[in-house]
Amino acid sequence: MGTDTVTRGSSLSHAPSDLPSVILDDYNIELKNGEGFVGDRVSKKAFRDLVEDWREKLRKLGPDPLGAKASHDFSKRRLDDLLIDGPPLAAGVVFGAIEEFAQELATVVRRFLRQKGWRDTQSIVVGGGFSDSLAGRLAIDRASVVLRAGGLALNLEPIRHHPDEAGLIGAVHLAPSWIFSGYDSLLAVDIGGSNIRAGVVTTNLKKASDLSRAEIWRSELWRHRDEDPAPSRDEAVDRLIAMLNDLISRAERSRLKLAPFIGVGCPGVIAADGTIERGGQNLPGDWESSRFNLAERLVDAIPTIGDHDTVVLMHNDAVVQGLSAMSDMRGVARWGVLTIGTGLGNARFTNRRLPDTVH
């Protein structure tokens with residue numbers, strides 16, 4: 001992570017670690033144990049594996065309470081329905097998976113807190129697709145109880161924004177200060193292993209000068225994982241560029257004052273020149289090639305927005321999602337984010353403006 005700065009007319013492609021409101025202490029830690037990556041124990045797949053484990057135990061005694069459908073084919077909504085209105089044994093299976101998952105999550109959090117960059121963390125928000133479900137929120141809340149009962153005065157809570165929105169809203173905190181002079185909105189991109197989302201985020205500075213009222217004006221989603229055949233990297237980038245151009249046209253027609261800025265959240269470790277060093281293995285095609293630079297591709301395709309040169313800033317997607325919770329973390333000095341999805345994203349921050357109660 002560097003300490004680059006951004007100026008008008010620059011196409012700088014990697015956001016600095018010293019952001020306007022926070023210092024980024026660490027991100028994308030890849031903790032391992034004898035069985036592999038620790039984060040794999042608290043992924044969406046890991047939760048479905050726990051559901052399957054409980055079903056397998058019950059099958060030895062009688063019919064499967066969840067029927068014949070494979071555990072990994074259950075949607076989040078269906079699992080939530082089973083918790084609320086399902087037969088007692090079916091609800092019990094899901095509750096059993098929640099309890100085990102919560103214990104695993106608490107263990108993983110303890111591992112993070114032992115890392116140098118995560119010491120003295122006071123609060124952690126949990127995002128990612130798993131947090132957008134009743135089962136996920138119960139698991140997060142239960143893990144918080146486990147940690148606190150074990151003597152850790154740590155707040156662990158689901159992220160406030162919908163995870164899909166958080167990945168875009170957080171981009172406003174990547175933007176340099178001049179972006180907010182004369183503009184009321186900006187473009188944001190969230191690139192994931194299953195889909196690519198792009199949107200226009202309005203800053204709403206007149207309602208809240210700390211950007212806490214920023215919201216998505218319009219967004220577009222493309223599920224590249226559903227495409228057959230799978231798209232190439234260049235096809236994915238071309239699709240993203242088309243989405244951004246469409247959003248620019250819509251913003252202009254609606255008379256929004258769109259800033260010449262695109263904030264991008266992307267999996268993995270982003271190098272100072274904007275290339276992806278590692279962590280892009282779930283994206284369509286080879287995004288880790290030293291010859292590929294997404295920021296440069298975007299600037300080449302969209303050189304100006306309005307009358308000014310386009311600026312593109314990229315950062316890790318967990319970092320960007322965490323930044324969406326900035327206003328909720330004003331009361332602490334050091335806080336982090338975990339994103340539970342295909343893997344476990346992570347980032348730790350220190351607030352620049354410490355609250356009066358923090359010493």
Taking the simple approach of a point 7 Å from Cα along Cα-to-Cβ for both Arg213 and Glu227, what is their distance in nm? 3.9
Counting only complete DSSP H runs, which helices of the chain cover 18 Å or more along their long axis at the Cα atoms and score a mean Kyte-Doolittle of -0.5 or above? 88-113, 134-149, 233-253
Count charges around Ile196 for me, please; just the other residues with Cβ under 14 Å from its Cβ, Lys/Arg as +1, Asp/Glu as -1. -4
Summing +1 per Lys or Arg and -1 per Asp or Glu among the other residues with Cβ less than 10 Å from Leu247's Cβ gives -1
Per-residue SASA entry for Asp309, accessible area with 1.4 Å probe, Å² rounded to 10: 80
Need the full-extension length gain, Ser254 to Arg278, defined as separation in residues times 0.36 nm minus the C-alpha distance. One decimal, nm. 4.7 nm
Can you give the FRET efficiency for Leu31 and Phe95, using 1/(1 + (r/R0)^6), R0 = 35 Å, r = Cβ-Cβ distance, to the nearest 0.05? 0.80
Rounded, prolate or oblate for region 68-192? Axes are the square roots of the Cα gyration tensor eigenvalues, ordered a ≥ b ≥ c, and the cut-off for rounded is a/c under 1.5. oblate
Rounded, prolate or oblate: pick one for the chain, where a ≥ b ≥ c are the square roots of the eigenvalues of its C-alpha gyration tensor, a/c under 1.5 means rounded, and failing that, prolate if a/b is larger than b/c, else oblate. prolate
Can you work out the accessible area per residue across the chain, with the rest of the protein chains kept in place, probe 1.4 Å, in square angstrom? 45
Quick one: dipole size for region 28-123, taken about the Cα centre, charges +1 on Lys/Arg Cβ and -1 on Asp/Glu Cβ, in debye to the nearest 20. 300
What is the sum of charges around Gln115, taking Lys and Arg as +1, Asp and Glu as -1, for the other residues whose C-beta is under 15 Å from the C-beta of Gln115? +4
Counting helices only, and only those DSSP H runs with n ≥ 4, report the 222 nm mean residue ellipticity of the chain as the sum of -39,500 (n - 2.57) divided by its residues, in deg cm²/dmol to the nearest 500. -10000 deg cm²/dmol
Check cross-link reach from Lys206 to the lysines: straight Cα distance under 30 Å, and skip same-chain residues fewer than eight apart. Lys257
To the nearest 20 debye, what is the magnitude of the charge dipole of the chain about its Cα centre, counting +1 on the Cβ of each Lys and Arg and -1 on the Cβ of each Asp and Glu? 920
Carbon and sulfur: what percent of the chain's accessible surface (1.4 Å probe)? 45
Hey, rough spin-label estimate for Ser289 and Arg148, points 7 angstrom out along Cα→Cβ, what's it come to in nanometres? 5.1
With a ≥ b ≥ c taken as the square roots of the eigenvalues of the C-alpha gyration tensor of region 216-298, please select rounded if a/c is under 1.5 and otherwise prolate if a/b is larger than b/c or oblate if it is not? oblate
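The values are calculated or read from the model by the stated rules, or taken from the named source; none is laboratory data. Note that the structure is predicted; figures quoted are calculated from it, not measured. Please note: Cβ atoms are built from the backbone with ideal geometry, for glycine as well, and neighbour counts cover all protein chains shown. With ligands, DNA and RNA removed, areas are computed over all heavy atoms of the protein, side chains included. Shrake-Rupley method; radii C 1.70, N 1.55, O 1.52, S 1.80 Å.
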